[in-house]
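Below is one structure, written out as structure tokens; comments come after it.
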Ligand SMILES: Nc1ncnc2c1ncn2[C@@H]1O[C@H](COP(=O)(O)OP(=O)(O)OP(=O)(O)O)[C@@H](O)[C@H]1O
Ligand SMILES: Nc1ncnc2c1ncn2[C@@H]1O[C@H](COP(=O)(O)OP(=O)(O)OP(=O)(O)O)[C@@H](O)[C@H]1O
Ligand SMILES: [Mg+2]
Ligand SMILES: [Mg+2]
């Protein structure tokens, strides 16, 4: 569960990126976040990961109050979620396999499980052939798919994805969102930033529009295939 | 003018990214390059920049034969083109202004000209307010627009753009392609990789489709607004 | 944490040494130089100490006996001298021995000795060796307390010079070691900082997937220790080679050797094991400590 | 290239020192240590040289004259001695002077001298000072060639020790300087490599917008030179402080001073300017050179 209560974020440079935003996403929801460039979408995502702190207001994610959380609780909190960053953030010195396995090593998962689970999620995003490649040796879309696989691998309660399809061709984008929908059907909450209106129109669901740091639209619409 | 003659690229990892590709783009053309993830689009772009070399075949760009070019000719060659990378590649230690001005400093442009030209191209992409921000302080779409401004600033004969609208919302994407069209009308050749089929359908023009390292489609289609 | 997890982190650390060979090499060099300089100071100090000890051995107190004393009394004095605490050896020197010695030492005064003919004006005496040079003044006053002693003379000149030298070297060595401790910490801090800096994105990503600080830090710790270990070995090899060639060089300088005394330079073979162990332990410890301290400071992204 | 362009690149270099203060500081430390060690070796070498010179001054040849020679002949001999090439000073020492000296030097033989009474068996002589110690053997043989010379004696012992020491120090200093040249080049190479490594993306981007190698390299060059310049200044300050405190320490050690001779330790004030200039020039030069060599190697992305 994600909850923002009257949250504002002002960067040290003086930019007001979020302005008194309140928002509640229930467990099991699937929500799209849309909005123009520089509107504050990534800022909201960074907030939920405790990459940045709210200037004012209360942020609650998966039962943790991020404002009051102790330093040593952060790792344990982050393990409850998966994320896809807009700029991928893969570890350049690790192969695709290692990048994904690292998430499981951190939670001290059994070796056997790692050896089974990692190839499975790699196959979900269609990158079997690239298992042993380093991020530098991947195309833009491939990197993005590795980031998606990493977000799935530890079965998190919440997946936060910042433009996970920005570098992927439309057909594959649809497949990826289908994949996320499937995971969502199994109970995982999903929050996805996107600027591809086609996707949103096609799948429908809850749409949150952020403009100039404020939520200007927050409703559930029907998708084309459901309509 | 860009010309590829029977060009193949095999990465040292053994991946055949381009397979006997031949292509000619005349001065003043506007061409879209489309294709699925990992098809070889970025590889072709890297080839034209001499970031990588062709395994076989001849690559000619702006009158330079890239296979036979001497090392010390590279800077002079690169100054004849502008580019937008898929991963932006802004210099992190420089502000937006400095990143763009650097291109002019390299060609030893007069101070006065730099002071006039840089703010102008920044305004073209709507980033006046971010002139003195560092890349780290920008949103994804803002970084992408800085990269576009940098590609325009020295009035190159050829602009090569690898998914310049991947992180930008649809409205802004249209504006940016309009901008490139305008520049194209003044005689600059433009080669743009994109996976946004809406854009391609809307503007029309020459469409080159790369699939699995080969050109499978290369024709001029009419845009919606022209149709 | 399970054993497999620990093994993974240690493996990562060892692998990192290779992956970041450039930074590892920088740390290696810094540690190597620090170890070498400190090691050289310490070894030099021990050598001076050994020389002082050696020359103490040679240092004698000359005791001259009243010419009124007869043979029996002279023997008695010899026994008394041997009984004094701290005296290691007592040798009799007759006035004839003393006369011959003088003749050799001062050829330009041959004439005087000639003019004296067989009428030797010198006196009998003892040469007393002392085990610890610092007790010399004490022993001299005890000897003076005996009867029938005409004159007591100790020529401590050169030993005093060495003792002063030892004091200066001790101070300089302490200063060097202190300075180097600071400098090498600064340098290791720098290389660690730089190596964390080049990997700061990587570390940040690790934190985003929920890695704890200690999970991130352990490989750095292992990396620092391994690098330090090799610095220790490197320092040992260089010290060995340098010491032996310096040893050879010195032993060839006959004049220097006459002053120092050949046996008083420590043979490397007799300290080899200690040098090796000290280097390795110091290297690994500083390497590991440096990494831990500075990762702790900089890892909290 | 226009002047404004050059100015821009120089400004960039200076700014980079600050932007990359961490790496700059590492280079600074490396250079500082190298300069200090080389500087210390050289200064130590000069001091030993000065000591050898100073003790040479004290070194005398004692000339004893046949007792058959009369006053006039003795004066003549004095003039002959002064005429010999390389002799700087000739002092007369009467047999009475010699007798008194002996009395002081050997109190344990007082008896002998007492027994001799006023019948002084010693001879008149000269003390001859020599300007260059290496000419002593030559001069001695010349003196022996004169008439009425009874005995010639030169006590070169300690000077010989010092000369051997100089030889050893020269060799060791050369070894240290050679080793440090290698080590500091390796270290500078490392820091430069690391600093290029952390900025390799930046450099690559610069090359993509058409920057020439020299355009990219100039700021590195300036950066290295500025860093080296400050290392030179730092080394100077440390040397100054260390030298002066060591100087004070040593001059307090009366026994050591008696051997070395106070005046033979070089005053820092007399070499200050040379030390400062050498450090700054060497620092800037090595800093700039290091950057250029290693950027040349690694910048060709
Ligand atoms: N670290 C930062 N320091 C200062 N300002 C920042 C920083 N990060 C983002 N901003 C500013 O905050 C505003 C919101 O940025 P944000 O990244 O949230 O936009 P966004 O909605 O994700 O846009 P996009 O679709 O382009 O990614 C922008 O104006 C941006 O310039
Ligand atoms: N440096 C590299 N080393 C090895 N293989 C590489 C390297 N760069 C790319 N590849 C591989 O070459 C193929 C083509 O990559 P390219 O980046 O050209 O794709 P693309 O068409 O740009 O895809 P996208 O739309 O995802 O950006 C991919 O399979 C990719 O994994
Ligand atoms: Mg964003
Ligand atoms: Mg691509």
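The values are calculated or read from the model by the stated rules, or taken from the named source; none is laboratory data. Keep in mind that this is a model prediction, so the values were computed, not measured. Note that we place each Cβ from the backbone using ideal geometry, even for glycine, and neighbour counts take in every protein chain shown.
Here are some notes:
- Listed here are the strands (runs of 3 or more DSSP E) enclosed by the range B:187-227 that have at least 1 residues being farther than 24 Å from residue B:144 by Cβ and modelled with pLDDT of 85 or more: B:205-211, B:214-221.
- Test: residue B:20 is in contact with a strand residue (DSSP E or B) (Cβ under 9 Å, 6 or more places away or on another chain), in a strand (DSSP E or B), at pLDDT 90 or above and within 16 Å of ligand 2 (Cβ to nearest atom): yes
- Across the range D:205-224, the number of residues qualifying as more than 7 Å from every other protein chain (Cβ to nearest Cβ) and under 47 Å from the mean Cα position of the chain (by Cα) comes to 11.
- For the range B:55-74, taking the residues that are out of contact with any strand residue (DSSP E or B) (no Cβ under 6 Å at 6 or more places or on another chain) and assigned to a strand (DSSP E or B), the one that is farthest from the other protein chains (Cβ to nearest Cβ) is identified as B:65.
- Residue that is nearest to ligand 4 (Cβ to nearest atom), among those in the range A:34-52 that are farther than 13 Å from residue A:16 by Cα and more than 8 Å from chain B (Cβ to nearest Cβ): A:45
- Qualifying residue in the range A:50-63 (condition: near ligand 1 (Cβ under 9 Å from one of its atoms) and under 25 Å from residue B:164 (Cβ atoms)): no
- Residue C:283 vs. criteria farther than 26 Å from residue A:100 by Cα, modelled with pLDDT under 85, buried (at least 20 other Cβ atoms within 10 Å of the Cβ) and more than 14 Å from chain A (Cβ to nearest Cβ): no
- Qualifying residue in the range B:6-17 (condition: near ligand 2 (Cβ under 9 Å from one of its atoms), assigned by TED's automatic domain parsing to the domain that holds residue B:182, in contact (Cβ under 8 Å) with a residue 60 or more places away in the chain and within 22 Å of residue B:150 (Cβ to Cβ)): no
- With respect to the conditions (1) within 16 Å of ligand 4 (Cβ to nearest atom); (2) surrounded by 22 or more Cβ atoms within 10 Å (Cβ to Cβ); (3) away from chain A (no Cβ under 14 Å); (4) closer than 19 Å to residue B:79 by Cβ, residue B:21 lacks only one, and its number is (4).
- Search result, residues across the range D:14-23 that are crowded, with 16+ Cβ neighbours inside 10 Å, within 36 Å of the chain's Cα centre (by Cα) and more than 10 Å from chain C (Cβ to nearest Cβ): D:17
- Cβ-Cβ distances below 8 Å connect no pair with a first residue in the range C:131-147 that is not assigned by TED's automatic domain parsing to the domain that holds residue C:78, a second residue that is in a loop (DSSP other than H, G, I, E, B) and loosely packed, with under 12 Cβ neighbours inside 10 Å, and a separation of six or more residues or different chains.
- Filter result for residue B:175 (in the same structural domain as residue B:15 (by TED's automatic domain parsing) and at pLDDT below 90): yes
- Residue that is farthest from ligand 2 (Cβ to nearest atom) [pool: residues in the range A:136-149 that are within 19 Å of the chain's Cα centre (by Cα) and more than 18 Å from residue A:186 (Cα to Cα)]: A:147
- Number of residues in the range B:114-130 that are surrounded by fewer than 16 Cβ atoms within 10 Å (Cβ to Cβ) and either outside any helix (DSSP H, G or I) or within 16 Å of ligand 4 (Cβ to nearest atom) (or both): the value is 0.
- Search result, residues across the range B:131-152 that are within 12 Å of chain A (Cβ to nearest Cβ), in a helix (DSSP H, G or I) and farther than 14 Å from residue B:166 by Cα: B:135, B:136, B:137
- In the range A:150-172, the qualifying residues are those that are within 21 Å of residue A:35 (Cβ to Cβ) and away from ligand 2 (no atom under 12 Å from the Cβ), and the one that is surrounded by the fewest Cβ atoms within 10 Å (Cβ to Cβ) is A:158.
- Neighbours by Cβ (under 8 Å, 6+ apart or cross-chain): first from the range B:190-216, without any contact (Cβ under 8 Å) to a residue 60 or more places away in the chain; second within 12 Å of ligand 2 (Cβ to nearest atom): B:196/A:170; B:216/B:209; B:216/B:210
- Number of the condition not met by residue B:181 [criteria: (1) in contact (Cβ under 8 Å) with a residue 60 or more places away in the chain; (2) within 14 Å of chain A (Cβ to nearest Cβ)]: (2)
- Meets criteria (within 30 Å of residue D:274 (Cβ to Cβ) and within 14 Å of another protein chain (Cβ to nearest Cβ)) for residue D:62: no
- Residue list for the range A:143-170, filter: away from ligand 3 (no atom under 14 Å from the Cβ) and under 19 Å from residue A:2 (Cβ atoms): A:151, A:152, A:154, A:155, A:156, A:157, A:158, A:159
- Tally of residues being assigned to a loop (DSSP other than H, G, I, E, B) and more than 7 Å from chain D (Cβ to nearest Cβ) across the range B:75-91: 4
- Residue within the range B:187-200 that is surrounded by fewer than 24 Cβ atoms within 10 Å (Cβ to Cβ), over 25 Å from residue D:210 (Cβ atoms), out of contact with any helix residue (DSSP H, G or I) (no Cβ under 8 Å at 6 or more places or on another chain) and more than 8 Å from every other protein chain (Cβ to nearest Cβ) present: yes
- Qualifying residue in the range A:101-108 (condition: within 14 Å of chain B (Cβ to nearest Cβ) and away from ligand 1 (no atom under 16 Å from the Cβ)): no
- Screening residue B:179 with (1) touching a strand residue (DSSP E or B) at 6+ places or on another chain (Cβ under 7 Å); (2) more than 16 Å from ligand 4 (Cβ to nearest atom) gives one miss only, at (1).
- Of all residue pairs spaced 6 or more apart or on separate chains, none has beta-carbon atoms under 9 Å together with a first member in the range B:34-45 that is more than 17 Å from residue B:166 (Cα to Cα) and a second member that is near ligand 2 (Cβ under 6 Å from one of its atoms) and part of a helix (DSSP H, G or I).
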